[in-house]
Structures are given as structure tokens and as C-alpha cells.
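The values are calculated or read from the model by the stated rules, or taken from the named source; none is laboratory data. Bear in mind the structure is a predicted one, so any value in this text is a computation, not a measurement. A quick note on method: Cβ atoms are made from the backbone with ideal geometry, for glycine too, and the neighbour counts reach across all protein chains shown. We work out accessible area using only protein heavy atoms, side chains counted, and drop any ligands, DNA or RNA first. Shrake-Rupley method; radii C 1.70, N 1.55, O 1.52, S 1.80 Å.
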Amino acid sequence: MPFHLLARRTPCAPTTPMKDLWLIFANVALPLCAGITFLALARYASHIAPMRFLVTGEITYKGAAWGFAFFGIYLMSRPLQILLGPHPMPSIITCIREFGMMALFAPAVFVAMMSLCFGSDRIPKKLIVGIFALGFFLGLFYVILETRAIHGSEVIFHIGSIPAYDGVWFNNSDPHSQALISIIYVLQFIDPVFILLLSGVIVFRHARHYPSQKRAVYDNMPKKLYILAAAVFAFPFSMLIAGACIVFFHVVFQWWLYYLGALISGLLEAVSLSLPLRNDVQVSEHSQ
């Protein structure tokens, strides 16, 4: 089940202005802030790509620019999910968002990190086709399960007189639906969580074993790679924490960590991208 759908009240819970302010921040302001960060990263990656092709390969920065753009749109579409009306709109938007995440974004990050670490010419085409095929089928399976598990919506807060709706997940008493939601947990652990964690491990290992002959020329690359690995880890770790709160502590209101993790990831990506390849570079790609 998508971890960004975890903030909701039981029908009997009283609504307070302060609680609504928190929910507005968590559902609207935080996703928009994280999304804008990644859209800015997409523009910056496109700007510096021609200057980095020689070192990282063309597919890395082109893929990063498209990946940043998609992830920014994914994050910023959370308000649309909850403000376009009651069921089936929240479920429709969720399916579109999660299918894109599982079928496109996570596989693209994996391929981009492989290209960065090993070179695009050394990545087997069968691996690329395989990872995207896996993402497509998992995303399609997710959509099928959600449409069968979620049959209604509930008001989670108000912005003035405008109600915000989300799908009924935790207040769903149907055992069959709960079983389907459990399968959705497993799907999302595989994609995007495991795929993104594996991508981060690949980058971290490459930083530790960065070739000495390349390090002599590009002495800042290991540092860039360590920060990049932290950025890749931040988002799936936030999802794991939110999931652990549900599974082990039965706390279902901590999904906001998911968007906070995305924001931290974006800030770390910005730091990694902004570092020059060499320590002694005084004028970098920031200069016009």
C-alpha cells in the first residue's frame, strides 16, 4: 500500500484547527516543496549534462534529468489526489502515480546508477529490458490490486470549506480487501524500496572502490558518490520507517516521513551535483 496514503483520522476523531493545519502542511505544502526541489534539480542536471558526459556517460545525466522531472511531478501530484473529489478520484490519481513510480522511476534510477558506476556501454541491454519489464508488471499488478481493494473515500481534513478526500485503507473492515492491501505492501517493498536501496548500495560500493587512476584526476568523485548514495538511500529508508511504524507499532499517521525523506534526498542530490569533479577547480559549471 502506498505509504503516502497513511495519514487519516477515524470518523469519530475530533477535528481541530491545529490538526488541520498539520494535515495541510503534510499533504500539500511538504509534497509541493519536495516536488519543486526535484524540478529544479532536473533543470540543473540538463544544464550541466554536456560538461559531465566525458566522465559519467551521456545516459547518466540525461536519465537523471528525466528522473528528477518525473519524481518532482509525482510528489507535487499528491494535492491533486486529495483535492479533486471523492472516490474514485483519489484511487485513480494514486494508481497513476504509483504505476509511474514502479514502472518508470525506480527502474530508471537503477539504470542511471549502473551507468554512472560501470559505464553505459557495459550495461547489458537484457538487464535494462528486464528491470523495466519487472517494474511494468509490478506496477500493473499494483493497479489491479488497488482497484479491487479500495472501494470508497473519506474526508481527511478541510481547507476552508474544501474537503480533502483520500481512499479508505485502514478503516476498511473487509478481510479480502485487507489481504489485498498486505500484498500491496510486498509489491512496494520490492519496487521501489528494494530497487532504490540496491541502487544506493551500488553507488556506495563504487565510491569505496573508486579507481585510483581516476581518483588522481577526479579527486572529488568519491565524495560526490558518497553524497549521492546518501541521497538515493534517503527516500526508500523513509518508506521503510513509515512501513515499520504500521507493521510493528500499529502507528498509521507517520507517512509524512515519506515526503520528508524525498525532500532530504533532493537536498543531498543538489549538494552532490554542485560539487566540481576536482578539488582544485575554481570555476565550475555554475559560471556562465
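Heavy-atom accessible surface of the chain, averaged per residue, reaches 47 Å², computed with a 1.4 Å probe.
Spacing of the modelled spin labels on D20 and V155, each 7 Å from Cα toward Cβ, amounts to 0.9 nm.
Using r as the Cβ-Cβ distance of L140 and A270, and R0 as 35 Å, what FRET efficiency do you calculate, to the nearest 0.05?
Values: r = 33 Å, r/R0 = 0.95.
Efficiency for this residue pair is about 0.60.
Here is the tail figure for region 223-269: Cα pairs spaced more than 16 Å apart come to 39 percent of all pairs.
Partners of K223 within straight-line reach, counting lysines whose Cα lies under 23 Å from its Cα and excluding those fewer than 8 residues away in the same chain: K62, K214. Estimated from helical segments only, the mean residue ellipticity of the chain at 222 nm is -22000 deg cm²/dmol, where each DSSP H run of four or more residues counts as -39500 (n - 2.57). Give the long-range amide H neighbours of F157: residues separated by 5 or more places, or on another chain, with amide H under 5 Å away, using H modelled in the peptide plane at 1.01 Å from N. The answer is A164. Taking every alpha-carbon pair under 8 Å whose residues sit at least 6 apart, region 62-144 reaches a relative contact order of 36 percent.
Fully extending the segment from S77 to D121 would add 12.3 nm, taking 0.36 nm per residue of separation and subtracting the current Cα-Cα distance. Surface composition of the chain: carbon plus sulfur atoms contribute 72% of the solvent-accessible area (1.4 Å probe, protein chains only, all chains present). Once the Cβ-Cβ distance of F248 and A179 is raised to the sixth power relative to R0 = 25 Å, the FRET efficiency obtained is 0.80. Couplings for region 111-120, taken from phi via the Karplus curve 6.51 cos²θ - 1.76 cosθ + 1.60 with θ = phi - 60°, read 5, 5, 5, 5, 5, 4, 8, 10, x, 5 Hz in order; Gly and Pro are left as x.
Taking 0.36 nm per intervening residue step and subtracting the Cα-Cα distance, what contour gain separates R278 from K214 on full extension? Could you put the intermediate results ahead of the total?
Numbers: separation 64, 0.36 × 64 = 23.04 nm, distance 1.08 nm.
Extending this stretch completely gives an extra 22.0 nm.
Full extension from V186 to A133: what is 0.36 nm times the residue separation minus their Cα-Cα distance, to one decimal in nm? Walk me through the numbers on the way to the answer.
Numbers: separation 53, 0.36 × 53 = 19.08 nm, distance 1.77 nm.
Going from the current span to full extension adds 17.3 nm.
Sequentially through region 147-155, phi angles give Karplus couplings (6.51, -1.76, 1.60; θ = phi - 60°) of 5, 8, 8, 9, 10, x, 9, 9, 7 Hz, Gly and Pro residues having no value and appearing as x. Entry note: region 65-142 has Rg to Rh equal to 1.09, where both radii use alpha-carbon atoms and Rh is the Kirkwood radius. Using the Cβ-Cβ distance between S46 and V201 with R0 = 25 Å, the FRET efficiency computed as 1/(1 + (r/R0)^6) comes to roughly 0.40.
When the inverse distances between all different Cα atoms of the chain are averaged and flipped, the Kirkwood radius reads 19.9 angstrom. Measuring max minus min along each principal axis, the C-alpha atoms of region 108-242 give extents of 60, 39, 22 Å (largest first).
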